[in-house]
Amino acid sequence: MRPLLAGAFAASSVSLSSVCVPFAKKGLVNHLSKDPCISQAREYIVMDGNAAGEGDDNVDWNTEDELEVENYPASSSSSLTPPSGDAASGSAEASSSAGTSHSKLFYQFVGMGFSEKLVAKAIDEIGEGQPDAILEHLLTYKVLENSPQEQDIDESAVVKEEVVDSDHFSSDYEGSFLDDLSDEDSYSGSEEVINPSSEDKKLLSLTAMGYPVEGAYIAIERCGPDASVDELIDFICAAQMSKEADALLGPEEKPRLLNDFRKQKKRKHSNCDAWSKKRRGEKKLLHGDEEQIRLPNPMIGFGVPTESSTIVHRTLPEAAIGPPYFYYENVALAPKGVWDTISRFLYDVEPEFVDSKYFCATARKRGYVHNLPTNNRFPLLPLPPRTIHEALPLTRKWWPSWDTRTKLNCLQTCIGSAKLTERIRKALEDNDGESEPPLRIQKYVLDECRKWNLVWVGRNKLAPLEPDEVEMLLGFPKNHTRGGGISRTDRYKSLGNSFQVDTVAYHLSVLKDLFPAGVNLLSLFSGIGGAEVALHRLGIPLKNVVSVEISEVNRNIVRSWWEQTNQKGNLIHIADVQQLNGDRLEQLMNSFGGFDLIVGGSPCNNLAGSNRHSRDGLEGKESSLFYDYFRILDLVKCIMSKGH
DNA sequence: TCGATCATGATTAGGAAG
DNA sequence: CTTCCTAATCATGATCGA
């Protein structure tokens with residue numbers, strides 16, 4: 001039951017045909033649209049759903065799930081905390097790959113969704129030096145492969161669903177989801193098998209010509225299944241999918257569409273300071289990547305309460321306008337091109353980059369893509385402490401004058417070691433008696449302080465923050481992550497992966513007037529419930545909350561918070577976003593009338609700079625779950641529009 | 001087996017200097 | 001313009017002891 005866009009849909013020709021099939025079956029009239037045609041496609045999806053009745057009604061992106069399963073050996077239970085020596089999921093393949101040292105290229109392809117065995121074979125046959133050839137080989141293999149193995153659903157992968165009814169302070173399991181899964185299975189079985197057809201070949205052609213798979217995928221998705229290869233190439237150029245695409249084309253070869261695209265982009269962002277402030281030089285313009293998203297400086301997004309700035313007005317692309325409202329978050333300092341891709345998928349909405357240092361005492365540079373109004377925002381009260389001294393008054397006594405920090409750096413999932421603070425203490429004591437340590441020592445100490453967010457807790461004594469201090473800095477109630485069998489290490493990890501509540505609440509505050517009776521919330525990658533806490537603190541009632549979170553300790557934290565804050569609504573927990581399909585969504589939405597807001601911050605660990613080992617970008621093992629955010633958001637939009 | 005502890009750079013961007 | 005420096009960064013894997 002592997003949902004479609006998961007992981008490396010872009011590289012999977014099987015996924016591709018799954019996407020296009022519903023469109024093709026309804027004979028989507030193709031045209032080379034200048035506008036993203038997702039909304040048009042949606043119309044067809046809706047028709048598909050309405051005309052259904054006879055069991056063909058799920059628009060489903062999951063048509064050929066069993067084909068997908070095969071590509072994901074043992075990785076389908078992907079977790080935010082990859083098991084270190086997980087014997088339970090003990091696939092020989094997985095464990096062998098953990099032991100041997102594969103190349104970066106290997107993991108890139110595996111991250112795209114190809115099986116490890118296949119990738120290893122391809123690299124072995126072709127050699128590391130020719131990634132394009134390897135990709136082609138992999139794709140060819142998939143296209144030719146026509147006898148997918150039937151695989152049973154792994155019991156352990158079945159979503160366990162927990163419902164908390166706060167009126168009765170009880171929780172129980174809803175048994176219906178197993179039925180859903182079996183229904184789904186029979187669906188897939190009755191669905192006619194689609195031959196890997198023209199779409200796959202087009203994808204193959206494009207990739208063979210050197211175009212990036214992602215670009216090819218998006219082009220086919222947006223231009224429709226009947227588009228010719230030439231048209232697709234036009235689209236890829238116009239959208240400037242990547243530098244590789246540009247590098248292969250001389251300026252004179254670029255199609256006229258490019259100009260239209262530029263005009264469109266220009267018009268769209270002409271009223272945005274951050275966008276137009278820094279223009280690339282002429283030479284860069286020729287290279288065609290002038291539209292690469294750049295981070296604003298200062299990083300205040302469309303405005304922060306503490307900084308006076310001109311009001312930024314924005315006009316959303318048609319396809320982005322709700323219902324539902326959506327709010328997506330991830331790290332601002334992602335590898336190049338990541339935010340371009342994210343923005344492109346999320347209906348071309350320009351990301352709002354905000355550093356939480358304008359809200360509290362700690363920096364947190366994040367990008368937010370949302371379709372919320374931006375006027376009449378208001379901050380949470382009381383305003384949080386905005387300097388280190390205010391937030392941690394006890395450190396003031398020991399804070400040396402030469403440590404000029406007033407804000408902490410980003411709170412991460414790991415803390416500095418005791419060995420480090422001990423080394424620093426010794427280095428400082430060597431010069432004790434002097435009024436100030438030598439500049440060289442100061443520099444060393446300050447560098448380490450900034451790197452590990454150390455604070456002064458005694459004479460020459462530095463220490464990392466305590467978990468409750470992190471809670472407070474991020475805007476969570478005290479002891480939010482404490483108790484219930486949660487280890488200290490897990491608290492740091494959960495907190496480090498969370499929202500800064502004041503920042504998010506400021507953005508969500510506009511919903512208070514729009515939904516005085518409360519909201520139905522779909523919270524993907526909920527974590528410790530940053531969105532829920534933010535809405536609650538804003539005084540926006542939570543009517544029905546569907547919270548999807550893979551980590552059990554995090555689910556426990558949210559459930560505990562839900563009960564302790566006497567919530568009147570219903571909390572439904574789902575474990576895995578990849579198990580959330582259209583049927584289940586529709587069922588949920590029918591029971592309470594759709595979602596008002598979809599919030600989610602997808603995994604950042606393959607994007608974050610702190611990651612030495614697997615900073616693989618958006619196609620990384622966990623970070624590729626972004627595509628599930630998009631998949632689910634698009635499904636909800638589709639279902640919502642069907643209702644009207 | 002779990003939790004605590006520790007060591008482990010690279011990729012960005014921006015600015016100053018040449 | 002390039003080159004060099006500063007600076008920040010929702011982390012992973014190995015090890016050890018209980």
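Within region A:536-559, the set of residues being among the small types (Gly, Ala, Ser) and either more than 21 Å from A:Lys478 (Cβ to Cβ) or surrounded by 20 or more Cβ atoms within 10 Å (Cβ to Cβ) (or both) comprises A:Ser547, A:Ser551. Scanning region A:344-395 for residues that are of a type in the set (Gly, Ala, Ser) and within 15 Å of DNA strand C (Cβ to nearest atom) returns A:Ser356, A:Ala361, A:Ala363, A:Gly367. Of the helices (runs of 4 or more DSSP H) lying entirely inside region A:425-509, those carrying at least 1 residues that are loosely packed, with under 13 Cβ neighbours inside 10 Å are A:439-452, A:488-496. Against the list (1) within 26 Å of the chain's Cα centre (by Cα); (2) within 16 Å of DNA strand C (Cβ to nearest atom), the condition A:Arg405 fails is (1).
Does A:Glu422 meet the test of being over 27 Å from A:Gly609 (Cβ atoms), acidic (Asp, Glu) and modelled with pLDDT of 95 or more? When the stated conditions are applied, A:Glu422 does not pass them.
Scanning region A:291-302 for residues that are within 12 Å of A:Ser356 (Cα to Cα) and in a loop (DSSP other than H, G, I, E, B), we see that the one that is nearest to DNA strand C (Cβ to nearest atom) is A:Met299. Among the candidates A:Ser494, A:Ser509, the residue that is under 20 Å from A:Glu466 (Cα atoms) and not assigned by TED's automatic domain parsing to the domain that holds A:Leu465 is uniquely A:Ser494.
Sort out which residues of region A:359-378 are aromatic (Phe, Trp, Tyr) and buried (at least 22 other Cβ atoms within 10 Å of the Cβ), and write them in order of number. Within region A:359-378, A:Phe359, A:Tyr368 meet the criteria.
For region A:379-393, the criterion of being within 16 Å of DNA strand B (Cβ to nearest atom), farther than 21 Å from A:Ile540 by Cα and surrounded by 17 or more Cβ atoms within 10 Å (Cβ to Cβ) is satisfied by no residue at all.
Among the residues of region A:339-357, is there at least one that is within 16 Å of DNA strand B (Cβ to nearest atom), outside any loop (DSSP other than H, G, I, E, B), at pLDDT 95 or above and not assigned by TED's automatic domain parsing to the domain that holds A:Thr310? Scanning region A:339-357 turns up no residue that is within 16 Å of DNA strand B (Cβ to nearest atom), outside any loop (DSSP other than H, G, I, E, B), at pLDDT 95 or above and not assigned by TED's automatic domain parsing to the domain that holds A:Thr310. A single entry from A:Ser623, A:Ser610, A:Ser602, A:Ser614 fulfils the requirement of being among the small types (Gly, Ala, Ser) and either assigned by TED's automatic domain parsing to the domain that holds A:Thr413 or in contact with a Pro (Cβ under 8 Å, 6 or more places away or on another chain) (or both): A:Ser623. Would you be able to say whether some residue in region A:579-595 is open to solvent by less than 20 Å² (accessible area, probe 1.4 Å), touching a Gly at 6+ places or on another chain (Cβ under 7 Å), within 16 Å of DNA strand B (Cβ to nearest atom) and not assigned by TED's automatic domain parsing to the domain that holds A:Asn409? No - not one qualifying residue is present in region A:579-595.
Here A:Thr315 clears all of (1) more than 16 Å from DNA strand C (Cβ to nearest atom); (2) closer than 30 Å to A:Glu436 by Cα; (3) among the hydroxyl-bearing types (Ser, Thr, Tyr) except the condition numbered (2). So, in region A:402-424, how many residues would count as being in contact (Cβ under 8 Å) with a residue 60 or more places away in the chain and surrounded by fewer than 16 Cβ atoms within 10 Å (Cβ to Cβ)? Summing the residues that are in contact (Cβ under 8 Å) with a residue 60 or more places away in the chain and surrounded by fewer than 16 Cβ atoms within 10 Å (Cβ to Cβ) in region A:402-424 gives 1.
The lone criterion from (1) open to solvent by less than 10 Å² (accessible area, probe 1.4 Å); (2) outside any loop (DSSP other than H, G, I, E, B) left unmet by A:Ile528 is number (2). Checked against (1) within 11 Å of DNA strand C (Cβ to nearest atom); (2) open to solvent by 80 Å² or more (accessible area, probe 1.4 Å); (3) in contact with a Lys or Arg (Cβ under 7 Å, 6 or more places away or on another chain), A:Trp398 passes all but condition (1). What single numbered condition from (1) more than 16 Å from DNA strand B (Cβ to nearest atom); (2) out of contact with any strand residue (DSSP E or B) (no Cβ under 8 Å at 6 or more places or on another chain); (3) not in a loop (DSSP other than H, G, I, E, B) fails to hold for A:Lys419? Just one mismatch for A:Lys419, condition (1).
Residues in region A:604-636 that are of a type in the set (Lys, Arg), more than 6 Å from DNA strand C (Cβ to nearest atom) and open to solvent by 40 Å² or more (accessible area, probe 1.4 Å): A:Arg615, A:Lys621.
The values are calculated or read from the model by the stated rules, or taken from the named source; none is laboratory data. Source: prediction; values computed, not measured. Methodologically, a virtual Cβ is constructed for each residue, glycine included, from the backbone with ideal geometry; neighbour enumeration extends over all protein chains shown. Only protein heavy atoms, including side chains, enter the accessible area calculation; ligands, DNA and RNA are left aside. Shrake-Rupley method; radii C 1.70, N 1.55, O 1.52, S 1.80 Å.
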